[in-house]
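What follows is a single structure, written as structure tokens, with notes after it.
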Amino acid sequence: MTWSKALKDTVRTGLTVERTKLQPLVAVRGAAGVAIVIGVVLWLATPTLAVSSAFGAFASALVTFQRSWRPRPVLALAVAAGLAISTFLGYMAAADHLVFAVLLAVWTLLAGMAWAVGPVSGMVATQTVAVMLITVTLPTSVAGALLHAGIIVCAGVVQAALIVLFPIRPWGLQRDALADALAAEADYARRLRHDPVARFDAQPLMDARSAAELTPRQARNRPRQLGGPRGVAERLRPVLASLADPVVGAPAEGPERDHVRDLLAAAATVLDAVARSIRWGRPVRLPPEVMAVLEGAESGSMLTGPARRSALRLIALLADAVEATDEPVKEAPPANGDRPPKPSKGSFKGSLKGALKGALKGSTNSREKEPYRHLLRPTVPRLVPVGLRALRREARWSSAIGRHAVRVAAVSLAGYALGSALPLGHGYWAPMTSVMVMRPDFGQTYSRGVARFVGTLVGVFVGGLVMALAHPGPWVCAALAVVCIGLMYLLMRTGYSVASACIAAYVVFLLGIAGEGWSQTVEERVILTLLGGLLAMAAYALFPAWETPKLRDRLADWLAANGRYSLAVLDAFARPADRKPRRVREALLDARAARQAWDDAVARAQREPVRHRGISRSAERGAEAALATMGRTAMLMEAHLPDRDATPSKEAEDFAAALRAALPEAVAAVRERRDLDWSGPLQAYAAWQARVGDEGVAVRAAELLVDALDELAGVLSRGPGGRNRARRK
């Protein structure tokens, strides 16, 4: 992509205003916290303290709107503590420009590294830098600095107290994450009716798993509906795929395929009903025609072999999903974690009568359901060593996070120096703008820079116009500031330009409380915001961390993860008595995370104005399709894992050994741009097929696997002769 096209795309993205679901009650609660803090401090203390407290209340409420699964009060208190520390340290160093510059560089470097812990941590750390730059300009003493820090902590306490006293849809994010995962499964089932190899986006399942990570206190209070359905959703995907696949499921055409389509449609309806039940805490309601389709699977006259086993397994899992969901929400969670309760009389399982009994008896692995227990999330004190490990992992020159930290520290120093040297007041706006818009990737940094400038221009114009025409007093300015911040909380998800406009007007009115002149504020804000945005953009252009050259590394990571997943499944066929469901599960999660990392890297690379120095667009698409097929094949085999008393497969063991031997060299070849050699796995598969033919799910899936490996070798070859031609006879 050229620079001109990249800039056009980032401008378009930055100025886009999206239609999204608003949360007015949450916005009112956050604005009420800001109003309480400003009003009380303005009444009891000085306008300067009121301005300082307003920034603390604003940031403490802002973090509660981020997508984090931690309790909202904890987030508000953590942000308030960080803001108080940064404010006090800034006051201590503000008297000496050199000392403050050193402190700003170190603090900004650490804030940039905080992105290694997570996006919420990075955003919070960025807020601490911004507040440090703003509050230190308000005159005070050492005792006053302690008072400012204490006021900021109190502001966070007020926001946390409001969240506790006025909970709005408790567990709402967790409910939405689990409901979205089930809705994604329903959409997948509908698409499989027409495309048996349809792609599934695993992000909703990953979000649901993250939402299920609980602290011990959360685990004691979690609603019953947020338990069992997550485990069912995880087990449903391979069953749906194996039922629809023409290689290991029903034939591509004929009565069996028509019956599979009916089952997939019924499954989608059931999953949508369960998703609605979880999202709103209501009982599950199923139409009679769905029950008729599921009951019709009892005879098995339409489906045979692996397709019948998949269908019966699907019915059992759907019954588990309904039973685990259709429970009183206020019941305490069971002691055994996420395992669904036993079916009650007259329930969905009972209504399926003999059909469901057959499903429970005939479904693969029905006697060995993996328990999905509570996923423990570390508490805030225990999160410290986790964060330190993440920082240590990213503290290297080749890391995008490490380069971002160095970049943002250098830009903040340059902005601080330029802002102080220019004959303008409020020089902190330049470095503050740079810190707020800079992100570890090119696209977000440039789009946010454009949005910040345009939003600031609109916000300061509107705020300055109101100040010029109305000449409001401190209390009216405080009220207008609360209105602006309430609008920001309400509209922040519509676009960064809208949020920037609200924040700019908010700052204008806050400075009006302290008696700042509106005309000077508007002029300085626009010029210094433009300067800060240009510094941020120039820094990324001069000191980039492009994702494009790293695409081969991401592809190699995905191949390695898919290989471990395939080997875990093949080992279960080779030695059923020794199979370890947990190993298969962990390998699946690693493969899913590697796939998501690849997708994110490709999305970032497509917006970068750099030439391809690693892999072409066509090879990128072909390799992605091949590895997606490889992962899907392992998933199909996982849906038909043998029982522990099944006969071991010597052929599967030989094939797994050949794949295990070839995989490390293949991963290295992808990284080093060499041709891949899959001759060992291809020969092992040929021997397997010669012994047993095409009978069995494992050998048929192995055919898909070697096809995917061969296709990967072909698209990554350096020339016409590079394609792997060691094909089976």
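Would the range 212-330 count as rounded, prolate or oblate if I go by the C-alpha gyration tensor, calling it rounded below 1.5 in a/c and otherwise prolate when a/b exceeds b/c, oblate otherwise? Before the final figure, lay out each step's value.
Details: a/c = 3.11, a/b = 1.98, b/c = 1.57.
Taking the square roots of the gyration eigenvalues as a ≥ b ≥ c, the range 212-330 is prolate.
The magnitude of the dipole of the range 640-680, with charges of +1 and -1 set on the Cβ of Lys/Arg and Asp/Glu and taken from the Cα centre, is near 220 debye. Shown for the chain: the carbon plus sulfur share of the solvent-accessible area, taken with all protein chains present and a 1.4 angstrom probe, equals 61%. Taking the longest Cα principal axis of the chain as reference, the axis of helix 551-574 is set at about 40 degrees. Simple rule: put +1 on each Lys or Arg Cβ and -1 on each Asp or Glu Cβ in the range 17-116, find the dipole, and look at ALA59, LEU98, LEU109; the Cα lying farthest toward the positive end is ALA59. Classify the range 564-643: rounded, prolate or oblate, from the alpha-carbon gyration tensor (a ≥ b ≥ c, eigenvalue square roots; a/c under 1.5 rounded; otherwise prolate if a/b is larger than b/c)? Prolate shape, in that a/c is at least 1.5 and a/b is the bigger ratio. Relative to the longest principal axis of the chain, what angle (0 to 90°, nearest 10) does the C-alpha long axis of helix 305-325 take? The answer is roughly 40 degrees.
Counting only protein chains, not ligands or nucleic acids, how are SER121, SER500 ordered by accessible area (probe 1.4 Å), most first?
Numbers: SER121 45, SER500 5 Å².
Correct descending sequence by accessible area is SER121, SER500.
The charge dipole of the chain, taken about the Cα centre with unit charges on the Cβ atoms of Lys, Arg (+1) and Asp, Glu (-1), comes to about 740 debye, rounded to the nearest 20.
What is the dipole size for the range 211-298, taken about its Cα centre, with +1 at each Lys and Arg Cβ and -1 at each Asp and Glu Cβ, in debye to the nearest 20? Let's see the in-between values first.
Numbers: 13 positive and 11 negative charges, 203 e Å.
That gives a dipole near 980 debye.
With all protein chains in place and ligands, DNA and RNA left out, the 1.4 Å accessible area ranks LYS550, LYS5, LYS580 as LYS580, LYS5, LYS550, largest first.
For the range 549-571, backbone nitrogen atoms closer than 13 Å to the point 7 Å from ARG583 Cα along Cα-to-C-beta are found at 564-571. The structure shown yields volume of the Cα convex hull per residue in Å³, and of the options (1) 166; (2) 510; (3) 148 that calculated value carries the label (1).
Kindly identify the range 580-729 as rounded, prolate or oblate by the Cα gyration tensor criterion: order the square roots of the eigenvalues as a ≥ b ≥ c, call it rounded if a/c is under 1.5, otherwise compare a/b with b/c, prolate if a/b is larger, else oblate.
Details: a/c = 2.51, a/b = 1.49, b/c = 1.68.
It comes out oblate by the Cα gyration axes.
For ARG604, the accessible area of its heavy atoms, probed at 1.4 Å with every protein chain present, is near 80 square angstrom.
Fully extending the segment from LEU22 to ALA538 would add 182.3 nm, taking 0.36 nm per residue of separation and subtracting the current Cα-Cα distance.
Take every Cα pair under 8 Å whose residues are at least 6 apart in sequence, average their separation, divide by the length of the chain, and the relative contact order is 15 percent.
Below 8 Å between Cα atoms, with a sequence gap of 6+, how large is the relative contact order for the range 92-193 in percent? Intermediate values should be presented prior to the final figure.
Details: 26 pairs, mean separation 16.0, N = 102.
Over the range 92-193, the number comes to 16 percent.
Note on the chain: helix-only mean residue ellipticity at 222 nm, from DSSP H runs of 4+ residues weighted -39500 (n - 2.57) and normalised by residue number, equals -24000 deg cm²/dmol.
Listed values for the range 392-398 are Karplus-derived 3J(HN,Hα) couplings in whole Hz (6.51 cos²θ - 1.76 cosθ + 1.60, θ = phi - 60°), namely 5, 5, 9, 7, 8, 5, 7, and x replaces Gly and Pro.
Heavy-atom accessible area for TYR416, with the other protein chains in place and a 1.4 Å probe, reaches approximately 40 Å².
Taking all protein chains together, MET123, MET488 sort by accessible area into MET123, MET488, largest first [probe 1.4 Å]. Relative to the longest principal Cα axis of the chain, at what angle does helix 72-93 sit, 0 to 90 degrees, rounded to 10? The helix 72-93 is inclined about 40 degrees to the chain.
Averaging sequence separations of C-alpha pairs under 8 Å and six or more residues apart, then dividing by the length of the range 396-444, give the relative contact order as a whole percent. Working shown, then result.
Details: 39 pairs, mean separation 18.4, N = 49.
Over the range 396-444, the number comes to 38 percent.
The heavy atoms of HIS194 offer some 150 square angstrom of accessible surface to a 1.4 angstrom probe.
Shown is the FRET efficiency for LEU44 and ASN221, computed with R0 = 35 Å from the Cβ-Cβ distance and rounded to the nearest 0.05: 0.45.
So what is the accessible area of the chain per residue, in Å², with the probe set to 1.4 Å?
On the way: 30520 Å² over 729 residues.
So the chain comes to 42 Å² accessible per residue, rounded to a whole number.
The values are calculated or read from the model by the stated rules, or taken from the named source; none is laboratory data. The shown structure was predicted, so the numbers you read here are calculated from the model rather than taken from an experiment. Glycine also receives a Cβ, built like all others from the backbone with ideal geometry; neighbour counts cover every protein chain displayed. We work out accessible area using only protein heavy atoms, side chains counted, and drop any ligands, DNA or RNA first. Shrake-Rupley method; radii C 1.70, N 1.55, O 1.52, S 1.80 Å.
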